[in-house]
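So the structure is just underneath, and the comments pick up after that.
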């Protein structure tokens, strides 16, 4: 990327003269990082997502191709009995369940009423307990845990963690998302921040569904 002038950060406008002094233009500073493989990541203070025109900030004389990396705000909880009971008490049964073990809730409980997707991620190589249907699994486990009964399988043998993120790609900052999610579930997340869902999905597909999605999320979110 060409330098924009000594000591000047790209994206800052020069001051303009005016009566009584100099009036500075008000601008938003966008940080652009270009790595060796020519992937451009843009993190803006007012938006956690990558804007499509980010590639235009790269020197147009460069022969390298660039790719935009979209980052999604998310919160993650490691699996526990408390998480399962809280989901059941606060949200009830999932709105959808999948044969691979995923359990999904859609709720308008995000910042400013944004719809959030709450997803219980199955363990790698998930196998449902014998005799338990896809839509019976979560309710059966939750009921047993809440009443002191014996669940069809331990939660840790079925799911590895809970994730929540904006369902339809809305731009939400991680901190307000974490606050809203904590208020809804009654449990603070183990981690929150921005993640590359595409990279995690690609890793999961390469592993034939035997990669840990929650581990991949936590690696991106850091300690």
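The values are calculated or read from the model by the stated rules, or taken from the named source; none is laboratory data. Note that this is a predicted model, so its numbers are computed, not measured. We place every Cβ from the backbone using ideal geometry, glycine too, and count neighbours over all the protein chains shown.
Points worth noting:
- Meets criteria (at pLDDT below 95, farther than 17 Å from residue 98 by Cα and surrounded by fewer than 13 Cβ atoms within 10 Å (Cβ to Cβ)) for residue 222: yes
- Members of the stretch 127-140 that are under 24 Å from residue 216 (Cβ atoms) and in contact (Cβ under 8 Å) with a residue 40 or more places away in the chain: 137, 138
- Residue within the stretch 207-214 that is surrounded by 13 or more Cβ atoms within 10 Å (Cβ to Cβ) and either farther than 16 Å from residue 160 by Cβ or under 12 Å from the mean Cα position of the chain (by Cα) (or both) present: yes
- For the condition over 12 Å from the mean Cα position of the chain (by Cα) and at pLDDT below 95, residue 154 does not qualify.
- Of all residues in the stretch 127-173, those that are in a loop (DSSP other than H, G, I, E, B), within 13 Å of residue 100 (Cα to Cα) and touching a strand residue (DSSP E or B) at 6+ places or on another chain (Cβ under 8 Å) total 2.
- Checking each residue in the stretch 206-219 for being assigned to a helix (DSSP H, G or I) and closer than 16 Å to residue 101 by Cα picks out 213, 214.
- Number of the exception - residue 43 against (1) under 21 Å from residue 179 (Cβ atoms); (2) at pLDDT below 95; (3) assigned to a loop (DSSP other than H, G, I, E, B): (3)
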